Amino acid sequence: MPTDTKRVRGPEVSQSPTLFLCKHAAVLPSHGPRADGRQRDQVDVRPVFVRCGLVSQAKGSAYIEAGNTKLMCCVYGPREMERKDETDMKCGKLTTDMRFAPFSCLERGSWIQGSQDKDLSLMLHESLQPAVCLHKYPRSQIEVNVMVLENSGSVLAHAVTCASLALADAGIEMYDLVLGCSIRQNGTSYVIDPSYMEENSCSSVSSENQGGLTVAFLPSLNQISGLQSDGEMTEETLTAGVRTCIEGCYKLYPVIQQALTKAVRRAAPPPSES
């Protein structure tokens with residue numbers, strides 16, 4: 001008997017629908033060492049690898065790797081604005097675009113920019129704009145594109161640092177570098193530079209002082225250019241969290257300076273033989 005080629009045949013083996021239910025967030029302990037060996041309640045950031053000038057097609061680029069969190073940033077411009085009606089004769093325009101690669105998260109995403117990507121792009125813009133000398137680039141726009149290659153926590157903080165490095169590598173005039181650091185508060189305990197599991201874990205203690213905080217900091221000027229928080233935290237806890245994030249930024253500062261110094265030396269022409 002001939003088979004029906006137009007009918008989609010079902011699978012021979014079926015599975016229970018309960019296998020595809022959303023799993024509850026893991027409950028991590030609020031005391032003792034963390035999963036990666038770092039200590040709680042201390043300014044213990046992950047080891048950072050930084051490299052500038054990797055993308056030859058861009059004016060400036062940077063790559064940052066903190067633990068398993070990996071990001072790439074490219075800067076284009078300054079170039080003429082696409083829309084003439086948005087041209088500012090006295091000040092330039094900074095545009096930011098932050099996206100997650102489809103393979104960056106546990107659940108495969110899409111190339112189309114979602115609501116989370118748009119929110120992170122706006123936060124990135126608010127953190128970088130105070131540090132860029134836009135009055136030096138009238139009637140021009142500077143484009144900053146950040147791609148998250150792997151999301152293992154603290155994405156926004158490392159995106160700020162990576163974008164600042166790319167802007168400096170592109171030769172854009174800035175008042176200072178912008179460094180990012182994040183913290184996760186869990187009751188009376190906190191973890192700095194949290195991982196993906198720590199950001200999405202459920203608390204095993206009371207719901208008081210639960211939330212996250214990300215700070216964008218200008219170390220040479222000792223000023224905060226951006227601050228983003230979620231959850232519920234008291235004023236004292238929030239103030240202490242900001243100070244802790246600033247200490248974390250100062251820990252990253254020598255690494256960023258060394259990466260920029262190496263990039264300048266690589267780009268410098270060799271000395272002429274006289």
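The values are calculated or read from the model by the stated rules, or taken from the named source; none is laboratory data. Because the structure is a prediction, the values reported are computed rather than measured. Note: ideal-geometry Cβ built from the backbone for every residue, glycine included; neighbour counts use all protein chains shown. Note: accessible area is taken over every heavy atom of the protein model, side chains too, but ligands, DNA and RNA are not part of it. Shrake-Rupley method; radii C 1.70, N 1.55, O 1.52, S 1.80 Å.
Miscellaneous remarks
- Scanning region 220-274 for residues that are of a type in the set (A, V, I, L, M, F, W, C) and touching a Pro at 6+ places or on another chain (Cβ under 7 Å) turns up just one, 249.
- Every pair of residues 6+ apart whose Cβ atoms lie under 6 Å, when the first sits in region 72-98 and is on the phi < 0 side of the Ramachandran plot and modelled with pLDDT under 85 while the second is in a strand (DSSP E or B) and surrounded by 14 or more Cβ atoms within 10 Å (Cβ to Cβ): 81/141
- Complete set of residues in region 65-109 that are out of contact with any helix residue (DSSP H, G or I) (no Cβ under 8 Å at 6 or more places or on another chain), within 13 Å of residue 146 (Cβ to Cβ) and open to solvent by less than 30 Å² (accessible area, probe 1.4 Å): 101, 104
- Candidates are the residues of region 206-254 that are closer than 16 Å to residue 159 by Cβ and β-branched (Val, Ile, Thr); the one that is surrounded by the fewest Cβ atoms within 10 Å (Cβ to Cβ) is 214.
- The residue pairs whose first member lies in region 175-203 and is under 30 Å from residue 135 (Cβ atoms), whose second member is among the aromatic types (Phe, Trp, Tyr), and whose beta carbons are closer than 9 Å, counting only pairs six or more residues apart or on different chains, are 177/253; 178/217; 179/217; 179/250; 179/253; 180/217; 181/217.
- For residue 140, the conditions (1) open to solvent by 40 Å² or more (accessible area, probe 1.4 Å); (2) within 26 Å of residue 218 (Cα to Cα) all hold with the exception of (1).
- For the condition within 11 Å of residue 216 (Cβ to Cβ), over 11 Å from the mean Cα position of the chain (by Cα) and open to solvent by less than 20 Å² (accessible area, probe 1.4 Å), residue 191 does not qualify.
- Residue 62 satisfies every condition listed in (1) farther than 15 Å from residue 148 by Cα; (2) surrounded by 19 or more Cβ atoms within 10 Å (Cβ to Cβ); (3) modelled with pLDDT of 90 or more; (4) of a type outside the set (Phe, Trp, Tyr) except (1).
Okay, residues lined up against (1) closer than 30 Å to residue 60 by Cβ; (2) in contact with a helix residue (DSSP H, G or I) (Cβ under 7 Å, 6 or more places away or on another chain):
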residue	(1), (2)
183	yes, yes
192	yes, yes
211	no, no
225	yes, yes
260	yes, yes
269	yes, no
